[in-house]
Structures are given as structure tokens and as C-alpha cells.
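The numbers here are math on the coordinates, done by the rules we state, and not lab data. Quantities reported herein were computed from a predicted structural model and do not represent experimental measurements. Positions of Cβ are generated from backbone atoms using ideal geometry, with glycine treated the same way; all protein chains shown enter the neighbour counts.
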Number of protein chains: 2
Amino acid sequence: MLKFDVVVIGGSAAGIPAAQTARRHYPDKSVLLIRKEAQVLIPCGIPYIFGSIGSCQADLIPDATLQKSGIELLVDEVVGIDPAQRVVTTAGGEQISYERLVLALGSLPIVPRIPGVAQENIFAVRKDVRYIEQMLATLNQASDLVIVGCGFIGVELAEEIRRNRQIKITIVEMLRHCLELTYDVEFSVKAEEVLQAEGIEILGSEKVLAFEGNGKVEGVRLSSGRVLKADAVILGIGAAANTELAVKAGLQLGPTGGIQVDRYMQTSAEGIFACGDCAEKVSFFDGRPSRLKLASIATMEARVAGANLFAPRRSNLGVIGVYSTILGKTAFAAAGLTEKMAREANYHVMVGEAEGPNRHPGCMPGAENLKVKLVFDAATGVILGGQVSGAMSAGELINAISACIHQRMTADDIAIFQTGTHPGLTASPIAYQLVNAAEMAIANGRKAQ
Amino acid sequence: MLKFDVVVIGGSAAGIPAAQTARRHYPDKSVLLIRKEAQVLIPCGIPYIFGSIGSCQADLIPDATLQKSGIELLVDEVVGIDPAQRVVTTAGGEQISYERLVLALGSLPIVPRIPGVAQENIFAVRKDVRYIEQMLATLNQASDLVIVGCGFIGVELAEEIRRNRQIKITIVEMLRHCLELTYDVEFSVKAEEVLQAEGIEILGSEKVLAFEGNGKVEGVRLSSGRVLKADAVILGIGAAANTELAVKAGLQLGPTGGIQVDRYMQTSAEGIFACGDCAEKVSFFDGRPSRLKLASIATMEARVAGANLFAPRRSNLGVIGVYSTILGKTAFAAAGLTEKMAREANYHVMVGEAEGPNRHPGCMPGAENLKVKLVFDAATGVILGGQVSGAMSAGELINAISACIHQRMTADDIAIFQTGTHPGLTASPIAYQLVNAAEMAIANGRKAQ
């Protein structure tokens, strides 16, 4: 029987940093990472395989990362965990004992129970090289694609598939607007305009009633009565925690169906931790169950789990939800609660916006528009969320906003926080959007009093 | 006699936001801004007038900003303040009474007492349209330019002047390396390599002994004995607070020669506030006098002063110092203390670095290298500073680091702070430089124990 101090099951955005953090915090401990995939896709890169990147082989996480950190790798499938004996068993017949086990099992794309969903050329987006290659081959032949779900995966896939192909793309969404769970409506509308300008059709407030065809998909029947022609369908409606192994081992699940964990990422079983998409989550804002699943959350949780394996060192404050993407030439980013979400949660909100070029003066080469919207709790002044659209600098600006949220900064704190500004990199200090959006929220809050 | 509730003297990076903040916080108060310049240059844009922007007229702060905020403008020079009567007098003969006065008088470039410094074609960089136009005309004719001082103004001017001109440029610096007051040596060396590759010569550890010539500069004699040919010289060795008016009015000055202010930006005279380059500053880190002068600091202080005019609402935590620039195609940014500065201040430091592409996978279009170095106080884990070089996203990333410093986040806080990551905008969540630099600092700290 093999013996390791730490065994991590899963080799993606949670498993790798969990193993790395274990090695960094406990350099004397041996760490084994077990994963079933021969090659691991960069999960957020998957949409880009269909356009900008071009192939699965260019979107792989290199194993060198593990070797450099002194992590052993076993490519095999774990089929059983014995929490009492602290032993895992693999499909390949290995028995491996552990002191601490980390479950980084990820999630599986949700396949809705809609008539005809099991037909050929209907794809959920599985993080699997062979599966994605098959999708790629099908899409290269397809002429009419329907994407179900207008969240991040849906819009990113639509754009990238469109990039090199003559293919009609329609996205069907149950909610009124695209990306509605992440952005306020004015940002969603802007995103839709970008997609529509590229010839991508978006049908909001529509449900799929059935997939038509004879073993191979031919059409998509909608709640409005409309039937869309389709020789390929992609389901982008979310993912569910992969918990089969945990359930078999007797671990408790949480209210959203993830593996139950505490703030230290400990499961209900002694010595077993979980992190990433497979683990239950709570909101940073109200501690209630959250269904958010993001690679960046997985990595954060892995860094908590890995550090806590042999001593309580870090605690998970709950998920904020920080997103960014590019549609056309416009970046869209968001962190925390939208105005709509905050109002629905019964906050009395204070909102501020600032918009202008991300260079100064505006004639500097490369100047693009950048808009920031911030949402605060009017009772305390504490920031609840932010949304950004425009220039590519949104990608890091949203992380400045995330730091503000993480630290529960007030509008006043943000209004006088010290920024670095430069003609070729940002707005002027007078017009700097993040600070000015906070100032406008304060001014708007005063007017409302 | 004119009467205003609030009078602001100065119309640049401190004066404008001071007036705006006054209007936002006290919408019933009348605000007058007095400045002597007919047109106001965007201060950080000045180097770019010589290259990317091309003219002073393209680098102006529009007066529309004032009108939109309901701020009255008077172009005139204030020549006297009577703090007892609360009246200011202008060169144009106006007498204006105020309830609150804000001094946003800026700074003047330092002209060192070196023999021959008063000759023609030797320029300090004054924020004045006519002066800059004269500089521009001279440089368009010059063949040998010597820049004294290899700080931000020196390196930015060198690059921009070089952009459209056949001109030999030599920068002379007393310190060993360029930008040495802002960056650790490895970043300075990288910056020097960029400049040298563009044909700009940098002479470190050199003092200017004299400027040679007969009324018009012809050469620069250095401490090493070398004499540089020069038909134009730019002095970029810093600026001194403009305090003449304040001194005449009997206001106290601070230890570095700025107008003495408290944390609320109040001067020694009742009802008079000061902010920006003219005001005395203290360090965020140790409360000691600081000579930092930056437009972004001026703006922050203006937002403190403006909010406090009729009630104590905000306090100034002291200057962090957040910088960014572009040299060649590389961005350089810094916030807070460098490793060297922290060691000199007797911190026991903990340092971490992370470097890698700012896209994931690295083959994504537009991928560039991005390096982050973070410096922590090992005793408390609190962040003291950060430096970034590489991709343009450094411009906003440094502001995320500034938020971390402002909130005194620990390495552990940063290691598990939630980031938004995207293939086209940032590193992967596993490789995200800001978080990984914090992780490495913790690991390095552990090894040192």
C-alpha cells in the first residue's frame, strides 16, 4: 500500500493549488495528486479553444507546475474512500493511505430533462479533451447552432465559434437578458448589443420545450411556439457539484447539493477537506447558501484548505463572485452584488457611476471608454458590489473593487483611497472612475436623505 | 466686494476636486475657483506633449468640468490673503470675502544653484502653456539634450522627445540608478535597459558641476570630469511647495517646507485649508514628514479638504505613494515602500514575487509578461508595498495593491482574496501574480524562521 501524508483528488483549478499550498505550508509532508484525466484543460480557456486558441492541446495546464512544487502525480480514477481507515482505492487497483485528504472533484455540466436531450450533436461542456475535440469536429461541420443559456459560457462560446466559421448562432435564455445573474440590466443590454452586432441572435424569456430530431438533433422547440433549426446544440445552463465519491464515502452534503464544508474547508469526515466546485458555498454578504462556481473561487478555497490541513491557519469568508469577460472589443467585469440583487436582498442601496476615457487626456493613443458602477449599503456606506465595462483595464480594475469588497470599505474610504494614475494607463486622478463612482454614490445618497 | 462661501485658489489636480467636493458635500454653498492661468495643462500629460499628444492645446483640463459642477471661475492672480477678515485680494483689484478658503497652490520645479543654470535653453518643467511651448520650439531645433534627474519626469520626457526627433539624449542622475526612489534595483535596471535600447544614455552616480556656455547653454560639466555637449537642458530634479502667498498671510510651514496641515487638511489659520503639492505631508507608514508630490495625492487630499470645509467628515491617512508609467512597451508601477526602503526603515521584511503571462493560456492573443513583487512586514504580515512591471494591466493592478496597502491587508488576506480572472484579461487563477506573490512571501517567511 502506498502512503502519503496528503492526497488530493482532482487536478484542476482546486486540486493544483490545494496541493501547492499544502507543500508550501507543510514542506515536510508528502503530497500525491490523483486525477483521472491524462491531460487537464484550462477550464476558463475552453470557449477559446473554438476560436482564439484553436485546439485543446494549446489549452492545457502543464504538469511541470506539479513537479516544480514537489507534488507526486498519479493518473488514475479514485473509486472509493474509506474515511475510517484513511485509505483511497483506485480503478487501477491502487490502495493509498493518507493522513489528510482533499476532495477537489469539480462539477459536471447540468443536462436538463428535456425531451430529446440525449440525441447526437447536443453537447454539455465537459472539461474533457476528447469530448471537446468531438464538439470541435461537429461545430466545424455545423450550419445552425443553438446555445441554451446566455451566461458566461454561452456568450463566450457563441463569439468564439462565430470567429472562424460561417454558422448561424442563436442563444436561448429563460431570463429576460443575457448575463442577468451577474450584471444590472444596462450592462446586459450593452453586452447584447455587442453580440447582436456580430450577428448572434439572442432570444430572451424563452424556454426550450423539446429537442427535435431522429437520434441526431434537427431543431429546438421553444415555449413561444417557435422552432429553431439546429444541427448542433450546446447546453450552457450551469454545473452541479460532483459528489458521487463523497456520498459513497458517507460525507454530508449541503443545501445546494455540494459537499458540506465549514469555514476551514473541513468536511463532515475527520481529516477530509473539500474545495472548489464540488464543495458547498456560502455568500460573503449574508452567509446564505450560494450556487456560485468559478475557477477563481475554487483556487481561493484550495488555498484555504491546503493551509489548514495540519493546523487552522485560514478561514473562508464566503464567496464574493468576481467575474470578467470580453465581448467584441469590450470588457465586462463584475464583483459582488448588482443593484438589483442588493435591492432584492432588502438593502437600502446607494449607487454611483462614473464613465470616461481610460487615458488622459482622451487623445492619448489607445484611449477607450471605461464605465464603473458601484453599489453600497446606504445604512453603513459599505460597498456591496461593482460593475465595469469598456477598456481591457477592467480586468484588473475589478480586482481592485474585489479588494474593496473583501475589506468592507465604505464609499468614503474608496473616495479617498490613493490611486496611481498615468496618461497612458488610466483616467486622470480627477476623473478616475473607481473613486468618482464612490463620490457620486455619496452625493446621490445625500440627495436622497 | 464679492462674497463666496468657499474660495479655492488653484485650478489643477488639487483645486478642481477640492471645489467639486465642496459642491458635492455642501450643495447650498457657493464656490469660486481662482486661478492665474488662462488655460490649465493636465500635469501628468506634460511629457506626452513632446511626443504622443503633440501640443499643449491637446493637453488641457476643460473648464466644462467646473461649469458642470456649478463652480464659478475667476482667472486672476491672488496677491494677498487676510485671514482675520477672511478676504483675498487679486492682482486684478478684486476683493473677495470667503467663509472657507482652500489653498491649492501647487509646486514649482526646483532650480538648483549650479553655476550657469540661468542660461538660455535650460528648462525646469513649469506647468505653464507658454513656457512649455517655448521648450517645445527649442527642442524641435536641438541636437544634444541633457536631462538632469532620472526620475519619472526625466525618463518620460526622454522617451517622448526621442519619439519624433533625431536628437541625442543623455540623462544624468546623482543616484546609482534611474527611478531609484520608487523601485527596487531590479526594476530600475529593467527600466534602464528599455531606455538604453531606445538610444537614450543614462549616466548614474554623476553630479552636475556647471552648465557651460555664453548665455546660451553649450555643455554640462559632470563630477567625473566628463563634459557633455548640450544645446538644450531639462531639469527634472523635483518640485518645491509653492508657499509664498501662505507665508505672506502668516500661515505656518511644516518640516519639509509645505504649508502645515492636520489630518483634516486644516492649516494653522482658522477657516483656511490646504491640499496638493503646496501642503505638508506625512507618510502613511510611519507618520513622518514626506516629500512625495503626486497629482493623485493632490486629488485625494482635495477630496479630504473639500469634504471637511463645514464639518469634519474625512481624515487623511498619509501618503502611500502610488506610481505608474510606461517605458517602451513595458509598464512600471509601484505603491508604498520598496524592499530597500522597508529595510532602511528597520522593518524585518518578507518578500514574494510572481511572474508570468497576463493571459491564460499563454498563447492567448495579446499575452505579455507581468511581474509582481510584494513587500510585507514579517512581524505582522501586513503589506508595505508592491511593484509591478510588464503588461499594461499593471496600471490598474497597482491600484488593487494600493487598496491592499490602504486596508493594511496581510499576506494571508491577499493570498485568499477573491480575484476575477479571464483568459483574455489576466493570468489564470492558479498563476494570478498578486495572490501568488503573497503566497511566495509567506513561504519565504516560513523558510527564514
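General remarks:
- Using Cβ point charges alone (K and R +1, D and E -1), the dipole size of segment B:322-448 about the Cα centre works out to roughly 160 debye.
- Per the Cα gyration tensor, segment B:322-448 maps to an equivalent ellipsoid with semi-axes of 24, 16, 12 Å, ordered largest to smallest.
- Note on B:E120 and A:Q449: with the Förster distance fixed at 41 Å, the Cβ-Cβ geometry gives a FRET efficiency of about 0.10.
- Cα pair distances exceeding 40 angstrom across chain A, given as percent: 24 percent
- Structural descriptor for chain B: relative contact order 13 percent, calculated from alpha carbon pairs under 8 angstrom and at least 6 residues apart.
- The alpha-carbon atoms of segment B:1-66, seen along their principal axes, cover 43, 26, 16 angstrom, with the largest extent given first.
- Highest mean first, the peptides B:417-426, B:140-149 sorted by other C-beta atoms within 10 Å per residue fall in the order B:417-426, B:140-149.
- Per-residue shielding of B:427-437, expressed as the average number of other chain Cβ atoms within 10 Å of the residue Cβ, stands at 6.
- Computed on the Cα atoms alone, the convex hull of segment A:236-377 gives a volume of 154 cubic angstrom per residue.
- Dipole axis of segment A:111-237 (+1 Lys, Arg; -1 Asp, Glu on Cβ), positive-most option in A:I200, A:G219, A:V155: A:G219
- Dipole moment magnitude, nearest 20 debye, chain B about Cα centre, only Lys, Arg, Asp, Glu C-beta charged: 340 debye
- Cysteines without a disulfide-compatible neighbour (Cβ-Cβ under 4.7 Å), the protein assembly as shown: A:C44, A:C56, A:C275, A:C278, A:C363, A:C404, B:C44, B:C56, B:C275, B:C278, B:C363, B:C404
- Inter-site label distance for B:L203 and B:V227 at 7 Å from Cα along Cβ, in nm: 1.2 nm
- Across segment B:352-449, Cα pairs under 8 Å and at least six residues apart give a relative contact order of 37 percent.
- Label point distance in nm, A:Q141-A:K248, each placed 7 Å from Cα along Cα→Cβ: 3.5 nm
- Residues of segment A:256-284 falling in the label zone of A:A84, defined by backbone nitrogen less than 14 Å from a point 7 Å along Cα to beta-carbon, are A:270.
- Shielding of A:44-50 by partner chains, average beta-carbon count, 10 Å: 4
- Sorted largest first, extent of the protein assembly as shown alpha carbons per principal axis (Å): 90, 60, 49
- Calculated FRET efficiency for the pair A:E186/B:S97, C-beta based, R₀ 51 Å, to 0.05: 0.70
- Taking each DSSP H run with n ≥ 4 as -39500 (n - 2.57) and averaging over every residue of the protein assembly as shown yields -7500 deg cm²/dmol at 222 nm.
- Inter-label distance for A:V111 and B:V111, nm, one decimal - labels placed 7 Å from Cα along Cα-to-Cβ: 8.1 nm
- Shielding by partners, peptide B:385-397 (average Cβ within 10 angstrom, other chains): 5
- Highest-fluctuation residue, B:N346, B:N121, B:N358 considered, GNM on chain B with Cα pairs under 10 Å: B:N346
- When chain B is treated as a Gaussian network with alpha carbon springs shorter than 10 Å, the biggest mean-square fluctuation among B:A104, B:A400, B:A38 belongs to B:A38.
- Net charge dipole size for segment B:248-343 [Lys, Arg +1 and Asp, Glu -1 on Cβ; Debye, nearest 20]: 240 debye
- Charge dipole of the protein assembly as shown about the Cα centre (unit charges at C-beta), most positive-ward option of B:C56, B:G116, A:L434: A:L434
- Taking segment B:141-171 and a reference point 7 angstrom along Cα→Cβ of B:K340, the backbone N atoms nearer than 17 Å belong to B:149-155.
- Measuring how big segment A:108-219 is from its alpha-carbon positions, Rg and Dmax come out at 14.0, 41 Å.
- Each Cα pair under 8 Å and six or more residues apart adds its separation to the average, and for segment B:111-237 the resulting relative contact order is 36 percent.
- Within a Gaussian network of chain B (alpha carbon springs, distance under 10 Å), most fluctuating of B:N242, B:N436, B:N164: B:N164
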